Amino acid sequence: MRKQHVIVYISDDCEACDHLVEFLRNHKVNFTLKNTSEDKVFLKELQQKNIYVTPAVLIGDSHKILGFDKEKLRRILGF
């Protein structure tokens, strides 16, 4: 698996967010978790990137995945 900086934006009461985090942990992916419900600074960060949904995954400087897309995650993260 290629090592890439992964940032995961989630919110409370988001089933897709819970599944995404579980999926990444099960695949031993290191990531930074940012909960937009708990810290509005994270919400503002996300909105500055023109993203208004969670979950949102930013991988490196070039990949943005909105929602929980297992296949896209596997392809980009290399597993």
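A few remarks follow.
- Residues satisfying the stated conditions in segment 11-42, i.e. in contact (Cβ under 8 Å) with a residue 40 or more places away in the chain, among the hydrophobic types (A, V, I, L, M, F, W, C) and more than 16 Å from K70 (Cα to Cα): C14
- Looking only at segment 46-79, and only at residues there that are hydrophobic (A, V, I, L, M, F, W, C) and in a loop (DSSP other than H, G, I, E, B), the one that is nearest to E22 (Cα to Cα): F68
- Conditions (1) at pLDDT 95 or above; (2) of a type outside the set (K, R); (3) over 8 Å from the mean Cα position of the chain (by Cα); number of the one not met by D61: (1)
- Of all residues making up segment 16-52, the number that are among the charged types (D, E, K, R) and buried (at least 17 other Cβ atoms within 10 Å of the Cβ): 1
- Contacts under 6 angstrom Cβ, first residue in segment 53-68 being more than 17 Å from E15 (Cβ to Cβ), partner in a loop (DSSP other than H, G, I, E, B) and among the β-branched types (V, I, T), 6 or more apart: none
- Test for D13: is it in a loop (DSSP other than H, G, I, E, B), loosely packed, with under 11 Cβ neighbours inside 10 Å and either at positive phi or under 13 Å from the mean Cα position of the chain (by Cα) (or both): yes
- For segment 53-63, the set of residues classified as surrounded by fewer than 15 Cβ atoms within 10 Å (Cβ to Cβ) and either aromatic (F, W, Y) or at negative phi (or both) consists of V53, D61, S62, listed by residue number.
The values are calculated or read from the model by the stated rules, or taken from the named source; none is laboratory data. These numbers were taken from a predicted model, which means no experiment stands behind them. Quick reminder, even Gly has a Cβ in these numbers, built from the backbone with ideal geometry, and neighbours come from all protein chains shown.
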